[in-house]
Structures are given as C-alpha cells and as structure tokens.
1. For helix B:119-129, report the angle its Cα long axis makes with the longest principal axis of the Cα atoms of chain B; keep it between 0 and 90° and round to the nearest 10°.
2. Over what distance in Å are the Cα centres of segment A:1-37 and segment B:184-221 separated?
3. Accessible area of segment A:134-199 with a 1.4 Å probe: how many percent of it is carbon plus sulfur?
4. A:Arg174 to A:Glu198: extension gain in nm, 0.36 nm per residue of separation minus the Cα-Cα distance?
5. Can you put A:Met233, B:Met38 in order of accessible area, largest first, using a 1.4 Å probe?
6. I'd like the accessible area for A:Met19, computed on protein heavy atoms only with a 1.4 Å probe and all protein chains in place. Round to 10 Å², please.
7. Cα to Cα, under 25 Å, and not fewer than 8 places away if on the same chain: which lysines meet these conditions relative to B:Lys45?
8. Hey, if we sort A:Lys177, A:Lys356, A:Lys192, B:Lys45 by accessible area with the 1.4 Å probe, largest down, what's the order?
Amino acid sequence: MEFRETLLTSLRTLSSHKMRSLLTMLGIVIGAGALVAVMSLIAGLNQSVAAQFQSIGTDIISVSRYPWVQMGDSDEFRRRKNITIADAEAVGRLPSVGLMAPNIHTRRNISYGGETVRFTLVTGSTPEYETIDNYLVENGRFITRIDVERHRASAVLGSEIAEELFPVRDPIGRKVKVGGKQFTVIGVMKEKGDILGESLDALVIIPISTFEKAFGSRRSVVIDCSPEEGVSMSRTIEEIRQILRIRRKVPRGDPDNFAINTQSDLLSSYNQITGVLYMAMVGIVGLALLVGGIGVMNVMLVSVAERTREIGVRKAIGARRADVTKQFLVEAIILTGLGGAIGILGGAALALLVRKVTPLPAAVTPTAVAIAAAFALIAGVLFGVYPATRAGRLNPMEALRYE
Amino acid sequence: MLIELDGLFKTYEVGTQKVPALKNITIDVKETEYLAIMGPSGSGKSTLMNIIGCLDIPTEGSYRLKGREVGTLDDDELAEIRSAEIGFVFQTFNLLPRMTAFQNVELPLIYGRASRKGRSDRVWETIDAVGLKERAHHRPSELSGGQRQRVAIARALINRPSIILADEPTGNLDSTTGEEIMQIFRQLNNAGNTIILVTHEQYIAEHARRIVKLLDGEVASDTTA
Ligand SMILES: Nc1ncnc2c1ncn2[C@@H]1O[C@H](COP(=O)(O)OP(=O)(O)OP(=O)(O)O)[C@@H](O)[C@H]1O
Ligand SMILES: [Mg+2]
C-alpha cells in the first residue's frame, strides 16, 4: 500500500476520534513541552552567563587565597597565609606578566549629605585595575599613580552608587564619606550590569595605599593580572604558580596554598553544574515521554481490538500483514509526532513567556527542539510496534467473525 | 479446473473440544460456473466459503486453486491470492464506515498495488456497472442496504477476480432489493464471472445453475440444473 494512502487512512481514523487522540497525546505533549521549556531556560541562562563573564574582562588571571568556586576542605583554606602586596609586586615583575593590579576589599557605608548606601564594596587598587578588570570611566578619571603614591583620598564611584548619592548633581569634586573617612569623587564608572544576579556597579574604588591607611593592612591581597603580549595564558599561570610557591614556602609535592582563578575555570565549573542539571532534566523528561508512550500503546491496543472487524475486512480484500501493521504504526507515530509538535510549540511559547515576564533569558535552541522531536517519534515507534504487529498478525477469518 | 477440493476437513478446537465443521468435502468448480451452497445453520457453509476464499486453510485434505495447492501457503501468499483471485460479498456488507463508496471500492486496487494512473477511471467504471454513480461520494451510513451491497459488489469486482464469493448477500435485504442484487449476480455470471453463493432461501438458490447442499459438514447433495 502506498504511503500516501496509509497516511490518509491514519489521519481519517485519528480525526474520527478527536477527543481520544488528544487525550492520548497529552503525555507526549507535556513531556516534549517540559523538555523544550527547561532546555531553553538552561540554554538562555548559559548564554547570558557567558556574556556576563565577558564583562569581567577577558584573559584575566586572578590570584587569591581561596578559589572562586570552593569545593573541599575549608579548614585548610582558613589556615592559609595572606597574600601580600610584596607577593603581588613579585608577580608583577615576572616577564610573562603584562599588566598587574593588586586589590583589596572591604564593605563600608558610603554617604553624601543625608544619603547613605550601606555596606558597600570598597576596593583599593592601582591604575592598572581599570584596564585589567574592565572598569571604564564615563565621567571624570580613574585613580592615577600619583593618587597611589601620595595616599590621596580620591574615590571612583560605580554607576549604581553615583546614581543613589547624586541623583541630580554632578558628583565630580564632591566630598563623600567612605567608612567615616572623607574622600573626593574623581570619577564615575560606566555601567557593567550583573553577574549571576550580583551588581558589578555597586562599588567604590580608591587608591590601595589610601585603603591600607584608612582601613588597615592586614587583608589578603588579590592579584589581578594579564599575560604579557605573545605569552600564553598557561605559561603565565605556571610562572605565577612557581614564584608564589617559592615565596609562600610550599613544600615540594604539596598542593598550592593559594588559588589561580581564570574566567574559563569559572565558566567550566558553572557549565559542569548546569550540565548535571541538564542531564537530570533530560532523564526526567525522558521518563515523562516513556509514560506518555505507554499511554499511546494502551490506546493503540484498544484501537486494534475495536477495529478487529475492520482489520478482517481489509485482509479479506487483499491487505497483507505489512499493510495493516504499517497503518497502525503510522497512526501511533502521528499521535506521538503531533503530540511532540504541540509540546514543542507549547514549551517554546512557555520559554518565551518566561523571558518576557521574568529576567530569565530563555533561548529556544534547535538542539532542544530536535531532542524533543526525536524522543516523541522514538516513543511512537517503540510503543506503536507491539499493537501494530498484533494487528497485522490477526487471523482474517477470526477477525471477520469478531463481534 | 478452477477449484479442486479433495477430501477436505476443517476441525475447530474450542478448548479441549474438537468441533468438526467440514468433513471429507470433495467438490470441483469450473470457470464461469454459478454455484449455490445451501444447508441448515451450522452446517459449515461459511466455513467452506472462508476456505475457498483463502481466509483460512483446511485442517486436512487438499484445496487447489488454478492448480496451486493453497493449504501450504503462508499469510502473505494467501493475502496475495485474496487480492488477485477472490472477490468477497458479505451478508453484513462490511464496508469501511469512514470511507466514501468510491474509496471503499478503490481500496482493493490500492492493496493490489495497482498504479495510481487509471485507478480512478476503473473505480468509476465499476461503480457505474452497479448503478451507483450518483452516490459515489456518500459514506455507507448515508446509503440504503441495497446500495451498500452494490458498493460491496463493486468492491469485490474491482480487481477482476477469478471467483466471486457471496455469503448470504441478500440476508439483510428485503425480497425486492434482494432480487435486484441477484440480477446483478446473474449479469456478472452471464459476463463470464465464476460465482459461489451461500443462501438459506430456495428461490435465491434457483438463480444458480448448480446447488450443493451441506449437512453437518458433509456434502448431502450436488445437483446441476
Ligand atoms: N472460529 C470457530 N471456532 C469454533 N467453532 C467454529 C468457528 N467457526 C465456525 N465454528 C463452528 O463450525 C460450525 C460451522 O459453522 P459455519 O459458520 O460454517 O456455519 P454456517 O453453515 O455458515 O451457519 P449459518 O447459516 O448460521 O451462517 C458450527 O458448528 C460453528 O459453531
Ligand atoms: Mg454462515
């Protein structure tokens, strides 16, 4: 029998039981829909996180006492020595290191007039911090070498702080209080946006020398640097590791007692986490489609029983086993295929709706659609084969006698 | 010889019980014959028709159709024979309810792998032959019993089979309509078709040239007018 006829016959049968067909498809619709929706959400999240990481500054190597992503023994972490400015300067002198900016951090209240922003990130650093960490100044200037050398009380405001304290006035030249000490605003930075939900614009940057005088010098320093032009990331990292192991007297064979963080490390550990989530989701949805498929099989078996006489008639007028089997198999595949299509559309719509009404940046990917479609079709074949084979094997004479 | 039945037995097994439906049937049917099978209910008429129509195979004995032994064929070979050699007409019409008359008549052509070209012409021609051109695009539920049986006859004829098998084709029709259907069979036989017909009614059987009577699964008489 030609495929066209098989298809038409199947469509005719399905459309004569519209309600039943719809209910049968429901499991597949929900499974495929959930798959597309969740995969789209994760994909969107991944894309935006990747974009966010770009804004930290590319090629940045950040040496700190603890790794960015902490897993494992925190007791050992707590016993680690501080990284000092001298360590930072030693790193800065390495031939493989290009720019280097030591930076230290605290949280203080910042106020101007009657306005106070509580518990704000205060960073002490050097002029190189602007380039390495990608803090572009929009208005005024960044801190300079002279600011650092002379321990000047100069402050560069993040855009969010500037907006809070100076909603109308130009902040440049005004005196703000940082942790109770007076600072002069010399610049305001360009907006950087969020990373993983945390604002990058709620901070104040001051000269590192002034920072130590005002807030103490017993903090561990973070060393941000970039490789010298033409030197590979991995070679630079290796040289930094060697010099710090020597300076911090790490015995040969012991693990590092400091962490060298890179953007790609962070991205890969993030991807690892979402990857696990992704697989778990695919598993759960696979299960949902399995249940949906069993529903399809159940209805197909009922349909075969109901149409026993029809099968008998078809065989009496010349249908072969394969003709009958094909017809029921196509019916099952249409059911799951259509269910899959509806589910994919619904899931995509859901993802786009989430993008519209929430900050989650859902992105419908071809992969998600392909996986959902494949799952649905495979479910159709898998769960259609048994009822269809059974229909094909019916004895024509007994089928005709069936009441 | 078209049909050669030789020492044919058919025994059904219901649980552990054996029900002999046909016992030692030996009949030959020549081409262009018009044969009626009669007998009381349960005498094995339908069983015999089903075996001749290759819907089932005998338990014992031989059935040769156009010289070919049928008892040893597999499912698909039997389907092949049904498609090419047999046209069935049933008491309860057995049309497919979701298809129009036209589509019902076309179906055996599709299963017989007739090419699409000329298929439609052939369907029209056959539907015209049973006088149903105006009703071609109606579904069975929109047709009278007599019209349904005409569609069924057209469907049986469409592949130009060697034998037309009709199991009580007038059983569900009033006598006038039944007579009209019998006229169609007469014309078909006059045109050279072989017809085997099962009936309870003597006046229907008299349309045939030869009458075989069954009793308890055995041939009780075989008379040619
Ligand atoms: N599939 C089957 N399983 C068991 N017994 C069967 C089967 N088909 C037919 N029989 C038995 O075989 C015998 C002959 O049945 P068959 O249907 O051939 O009779 P019939 O002559 O056509 O009767 P009727 O005039 O009522 O149609 C009956 O006793 C019936 O019960
Ligand atoms: Mg009968």
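The values are calculated or read from the model by the stated rules, or taken from the named source; none is laboratory data. Small disclaimer: the values here were computed from a predicted structure and weren't measured. Cβ atoms come from the backbone with ideal geometry, glycine included; neighbour counts cover every protein chain shown. Please note that ligands, DNA and RNA were not included when accessible areas were found on the heavy atoms of the full protein model with its side chains. Shrake-Rupley method; radii C 1.70, N 1.55, O 1.52, S 1.80 Å.
1. That helix lies at roughly 80 degrees to the long axis.
2. Segment A:1-37 and segment B:184-221 have Cα centres separated by 47 Å.
3. Exposed carbon and sulfur together represent 45 percent of the surface.
4. 5.9 nm
5. Working: A:Met233 60, B:Met38 10 Å².
Heavy-atom accessible area, descending, gives A:Met233, B:Met38.
6. Ignoring ligands and nucleic acids, A:Met19 comes out at about 130 Å².
7. A:Lys315, B:Lys10, B:Lys18, B:Lys23, B:Lys30, B:Lys66, B:Lys213
8. Result of the area sort, largest leading: A:Lys356, A:Lys177, A:Lys192, B:Lys45.
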